[in-house]
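The values are calculated or read from the model by the stated rules, or taken from the named source; none is laboratory data. Since we're looking at a predicted model, the values are computed, not measured. Cβ placement follows ideal geometry from the backbone for every residue including glycine, while neighbour counts extend to all protein chains displayed.
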Amino acid sequence: MENLPSWPNLVSGLVLSAVIAAVAYRREALSPSGVVGALLSGTVMFGLGGWEWGLLLIGFFISSSLLSLYRAEEKAGLAEKFAKGHRRDLGQALANAGVGMGLAVASLFWSRPLLYGACAGAMAAVNADTWATEIGVLSRKSPRLITTGRRVEVGTSGGVTGLGMLVSLAGAAFIGLLAAVGAWFGAHSASVATAAFVGGTVGGTVGSLFDSLLGATWQGIYWCPRCEKETERPLHRCGTAAQPVRGYTWLGNDLVNFLSSVAGALVAAGIGWLYLGNLG
């Protein structure tokens with residue numbers, strides 16, 4: 001084991017996660033199981049990776065939670081299309097932070113700079129996708145399916161808009177910037193900071209696009225015969241069992257988010273390797 005875990009960091013991570021989770025629960029940004037997910041992900045990433053790793057998680061969670069509240073009344077009518085609401089549960093927490101947690105554990109055994117950059121890519125991917133979803137649905141232009149360009153209803157899985165793609169890039173760059181700041185103040189070289197920023201921005205953008213691609217092709221999508229609406233839920237909000245219409249039923253929204261973060265991490269790791277070589 002190259003890097004021993006820091007007990008003060010573990011305790012600090014638990015305490016900080018508990019404070020953030022408590023506030024988020026009171027603000028209805030987390031469900032009870034989501035509180036558990038926040039405690040687990042925060043403790044692991046902050047405790048094993050260090051404050052700069054924890055900063056990526058905090059940046060994602062706070063920014064995405066705030067955006068979910070932005071013009072919430074206008075977005076309320078789209079809730080029936082999505083698999084889950086704005087209150088994140090344990091599954092969502094693990095889907096969004098699972099790759100980062102795994103990389104934090106791996107950093108105990110392997111080179112930290114390269115894995116840190118990969119973590120930036122993973123967190124940037126889920127952040128970019130969340131920003132794109134929360135703001136993209138407010139676009140005045142109808143979304144187009146990413147695979148065919150066909151116009152689809154707002155909230156349709158795989159549908160993208162120019163506004164959404166621009167915001168997606170901004171969300172990825174935001175995490176990339178946090179990663180660069182963390183690397184710089186964490187006494188890493190300028191090369192590590194640059195690799196973290198570029199890897200996070202590019203990896204996050206690619207991961208978000210991959211999320212949309214999966215949403216348009218393989219993600220399980222259903223049709224509620226009672227409401228006559230498409231949804232990501234096998235059991236619609238009205239209580240009616242929805243019928244599968246496309247994709248694989250085992251590939252739900254949480255797994256799509258997880259896979260998009262894997263894509264973001266791989267792209268960022270590749271960029272980090274090009275920048276850092278044997279130092280990564």
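Details
- Qualifying residue in segment 10-19 (condition: surrounded by 18 or more Cβ atoms within 10 Å (Cβ to Cβ), under 17 Å from the mean Cα position of the chain (by Cα) and either modelled with pLDDT of 95 or more or of a type outside the set (A, V, I, L, M) (or both)): no
- Of all residues in segment 175-191, exactly one satisfies the criterion of being surrounded by fewer than 17 Cβ atoms within 10 Å (Cβ to Cβ) and within 19 Å of SER64 (Cβ to Cβ), namely VAL181.
- Criterion violated by SER142 - all others in (1) assigned to a helix (DSSP H, G or I); (2) over 15 Å from the mean Cα position of the chain (by Cα) satisfied: (1)
- Across segment 43-62, the qualifying residues are those that are at pLDDT 95 or above and closer than 13 Å to TRP131 by Cβ, and the one among them that is surrounded by the most Cβ atoms within 10 Å (Cβ to Cβ) is PHE60.
- Looking across segment 20-42 at every residue that is surrounded by fewer than 23 Cβ atoms within 10 Å (Cβ to Cβ), part of a helix (DSSP H, G or I) and hydroxyl-bearing (Ser, Thr, Tyr), the one that is modelled with the lowest pLDDT is identified as TYR25.
- For segment 242-280, filtering for residues that are touching a strand residue (DSSP E or B) at 6+ places or on another chain (Cβ under 6 Å) and among the aliphatic types (A, V, I, L, M) leaves 4.
- Pair list, Cβ < 6 Å and 6+ apart or interchain, from segment 235-264 residues that are at negative phi to residues that are modelled with pLDDT of 95 or more and assigned to a strand (DSSP E or B): LEU251/GLN219; VAL256/GLN219
- Qualifying residue in segment 214-236 (condition: within 19 Å of LEU56 (Cβ to Cβ), over 20 Å from the mean Cα position of the chain (by Cα) and surrounded by fewer than 22 Cβ atoms within 10 Å (Cβ to Cβ)): no
- Counting the residues of segment 108-132 that are surrounded by fewer than 24 Cβ atoms within 10 Å (Cβ to Cβ) and among the polar types (S, T, N, Q) gives 1.
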